[in-house]
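The values are calculated or read from the model by the stated rules, or taken from the named source; none is laboratory data. None of the values given here were measured: they were computed from a predicted structure. A quick note on method: Cβ atoms are made from the backbone with ideal geometry, for glycine too, and the neighbour counts reach across all protein chains shown. Areas reflect the complete protein model, heavy atoms only, side chains present, ligands, DNA and RNA absent. Shrake-Rupley method; radii C 1.70, N 1.55, O 1.52, S 1.80 Å.
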Amino acid sequence: MVRVWDRVVRSFHWALVLSFVTAWFTSHSAEDVHHWAGYAAAALVAMRLLWAVLGTPYARFSQFVRDPVTVLRYLSAIASGREARYIGHNPAGGAMVIALIAVMGSTALTGWLMTTDAYFGVSWVEAAHSLAAHGLLLLVFLHIGGVALASFRHRENLVRAMITGRKRKAGPVDIA
């Protein structure tokens, strides 16, 4: 086994899951809790952006952000059942990280805007917040599906890896 996900990445991941679930289920029932869950998500996103530059090797943007052509090639390989196993994020997973961070950030930003004097009650801000939150839920389901598919295809429990930080060492055809 090899250490891939450091404590910061793992803590960020599960804290973001908790803040999103809390915000989702309190959106119409507990305004203060909903707001604090959103603030927590915003702080987590800011921290993750910093860690993506200064963190450990597998946490860095330079390790998992790939160009669109590489991501599309990887998605095509998934469709044909020929995708490579990556020790860190695969190209589709890296793209999902960026999408989740961007949409979580926009959800938090529009949510905060709704609490300001300038944008309180402004319909387009409310619509943008709702659209971002629902888009985020869709991305979460796609993320879970991708994790399940990769776990099945590569015979590796990625949920456990995000808990322990460890994955199976790279084999001869794996990409470290």
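Details
- The condition of being out of contact with any Pro (no Cβ under 7 Å at 6 or more places or on another chain), crowded, with 17+ Cβ neighbours inside 10 Å and under 28 Å from Phe152 (Cα atoms) holds for Gly94.
- The set of residues from segment 136-165 being of a type outside the set (Val, Ile, Thr), without any contact (Cβ under 8 Å) to a residue 40 or more places away in the chain and either loosely packed, with under 14 Cβ neighbours inside 10 Å or more than 30 Å from Ala84 (Cβ to Cβ) (or both) comprises Leu138, Phe141, Gly145, Ala148, Phe152, Arg155, Arg160.
- Restricting attention to segment 5-20, the residues being closer than 17 Å to Leu109 by Cα and either open to solvent by 30 Å² or more (accessible area, probe 1.4 Å) or not hydroxyl-bearing (Ser, Thr, Tyr) (or both) number 2.
So that you can scan it fast, the table gives a plain yes or no per residue for (1) β-branched (Val, Ile, Thr); (2) crowded, with 17+ Cβ neighbours inside 10 Å; (3) at pLDDT below 95; (4) more than 15 Å from the chain's Cα centre (by Cα):
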{"residue": "Arg3", "(1), (2), (3), (4)": "no, no, no, yes"}
{"residue": "Val45", "(1), (2), (3), (4)": "yes, yes, no, no"}
{"residue": "Thr56", "(1), (2), (3), (4)": "yes, no, no, yes"}
{"residue": "Pro68", "(1), (2), (3), (4)": "no, no, no, yes"}
{"residue": "Leu72", "(1), (2), (3), (4)": "no, no, no, yes"}
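- Residue check: His34 meets all listed conditions (1) open to solvent by 50 Å² or more (accessible area, probe 1.4 Å); (2) farther than 22 Å from Arg166 by Cβ; (3) more than 15 Å from the chain's Cα centre (by Cα) but one, namely (1).
- Comparison of Val21, Val71, Val17 shows that the only residue that is out of contact with any helix residue (DSSP H, G or I) (no Cβ under 8 Å at 6 or more places or on another chain), in a helix (DSSP H, G or I) and either touching a residue at least 24 places away in the same chain (Cβ under 8 Å) or more than 23 Å from Ala150 (Cα to Cα) (or both) is Val21.
- Pair list, Cβ < 6 Å and 6+ apart or interchain, from segment 110-135 residues that are buried (at least 16 other Cβ atoms within 10 Å of the Cβ) to residues that are among the polar types (S, T, N, Q): Val125/Thr110; Ala128/Thr110; His129/Thr110; Ala132/Ser106; Ala132/Thr107; Ala132/Thr110; Ala133/Thr107
- Within segment 35-58, residues that are touching a residue at least 40 places away in the same chain (Cβ under 8 Å) have Cβ atoms under 9 Å from residues that are open to solvent by less than 60 Å² (accessible area, probe 1.4 Å) and acidic (Asp, Glu) in these pairs: Trp51/Asp6; Gly55/Asp6; Thr56/Asp6; Tyr58/Asp6, counting only partners at least 6 apart in sequence or on another chain.
- Residues satisfying the stated conditions in segment 79-109, i.e. of a type in the set (Val, Ile, Thr), closer than 20 Å to Met162 by Cβ and in contact (Cβ under 8 Å) with a residue 60 or more places away in the chain: Ile87
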